[in-house]
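Structure first, commentary second.
The values are calculated or read from the model by the stated rules, or taken from the named source; none is laboratory data. Everything quoted here is computed from the prediction, not taken from an experiment. Cβ atoms come from the backbone with ideal geometry, glycine included; neighbour counts cover every protein chain shown. In case anyone asks, the SASA skips ligands and DNA or RNA and just uses the protein heavy atoms, side chains included. Shrake-Rupley method; radii C 1.70, N 1.55, O 1.52, S 1.80 Å.
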Amino acid sequence: MGEREETPLKPPHFVLIHGISGGSWCWYKLKSMMYNSGYTVTCIDLKGAGIHPSDPNTILSFDEYNEPLLHFLSSLSPHQKVILVGHSAGGLSVTQATHKFPNKISLAVYVAATMLKNGVLTEQDIKDGVPDLSEYGDAYDLEFGLGVNQPPTSAIIKKELQRKILYQMSPPEDYTLASMLLRPGPICALLNAQFPEVNECVEKVPRVYIKTMYDRVVKPEQQDNMITKWPPSHVYSLESDHSPNFSSPFALFGLLVKVAASISCT
């Protein structure tokens with residue numbers, strides 16, 4: 001009898017999750033690189049983001065906001081696993097997914113992202129994981145879908161500050177694209193992202209954090225605090241602004257390929 005042929009491993013399947021105000025369009029550079037290198041790539045528009053038709057002012061719970069990702073994971077075949085990559089507030093989406101579908105996720109990657117095991121439960125969680133842009137003055141345009149006497153339902157960084165805060169190291173073409181496509185994000189839903197009942201299986205999902213050293217949104221000290229409180233298996237750094245998907249796409253792609261190669265993907 002001849003030697004049994006080994007079944008080649010399928011290339012990893014990356015699922016890319018945008019942050020507040022973004023959409024699947026944020027990943028156009030990474031998706032092109034991954035696709036051309038033979039990887040499977042899915043980019044999700046969360047509810048009310050990207051080309052999703054919902055009004056963000058009507059999205060008040062995090063479960064509703066994150067439903068497109070949760071629906072995607074629930075539709076995977078029983079033995080299929082993916083690598084989740086969350087940017088910025090997309091880290092909350094990744095964390096909730098690891099609580100709900102730990103057996104569907106081979107690796108969770110946080111890129112300049114909010115990485116809080118229980119979500120936004122305490123004042124310290126807010127301090128560590130929620131952007132503080134007070135140094136820029138009145139930095140947000142807010143909408144009050146529940147009435148002016150209620151908390152805001154959506155927020156977006158003011159157009160005249162987006163370049164300075166989000167994209168100070170990014171190419172002008174990408175900043176121009178973003179300025180045309182950013183949408184108000186459902187801030188009420190994001191601040192209600194709470195996961196108090198921990199599924200202990202969440203600790204079985206390997207986590208990697210990619211720091212952005214010139215980040216003006218999730219500042220390096222905030223990233224360090226979250227890493228210290230919930231240590232991932234590996235930490236990497238990029239000489240990047242808050243948006244390495246635009247400013248450092250080749251370096252980010254290289255790190256994602258590296259961490260994918262370090263695990264057994266199915």
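Per residue, the average separation of C-alpha pairs within less than 8 Å and at least 6 apart gives the chain a relative contact order of 23 percent. Round to the nearest 10 and give me the degree value, 0 to 90, for the angle of helix 220-229's Cα axis relative to the longest principal axis of the chain. Value to nearest ten degrees: 60. Once the Cα-Cα distance is subtracted from the 0.36 nm per residue extended length, the D224 to H79 segment shows a gain of 48.8 nm. Taken over region 53-198, lysine pairs spaced eight or more positions apart, or on distinct chains, with alpha carbons under 20 Å apart number 5.
Only helices enter the 222 nm calculation for the chain: every DSSP H run of n ≥ 4 contributes -39,500 (n - 2.57), and dividing by all residues gives -9000 deg cm²/dmol, rounded to 500. Remark: the chain carries 47 Å² of accessible area per residue (probe radius 1.4 Å; ligands, DNA and RNA excluded). Computed over protein heavy atoms with a 1.4 Å probe, the carbon and sulfur contribution to the accessible area of region 133-266 reaches 57%. Principal-axis analysis of the Cα atoms of the chain puts helix 249-261 at an angle of about 40° to the longest axis. Charged neighbours of P12, selected by a Cβ distance under 13 Å, balance to +3 (K, R count +1; D, E count -1). In terms of packing, defined here as the mean over residues of other Cβ atoms within 10 angstrom, the peptides 107-116, 209-218, 135-144 line up highest first as 107-116, 209-218, 135-144.
When Rg and the Kirkwood radius Rh are both evaluated on Cα atoms of region 1-153, their ratio Rg/Rh stands at 1.06.
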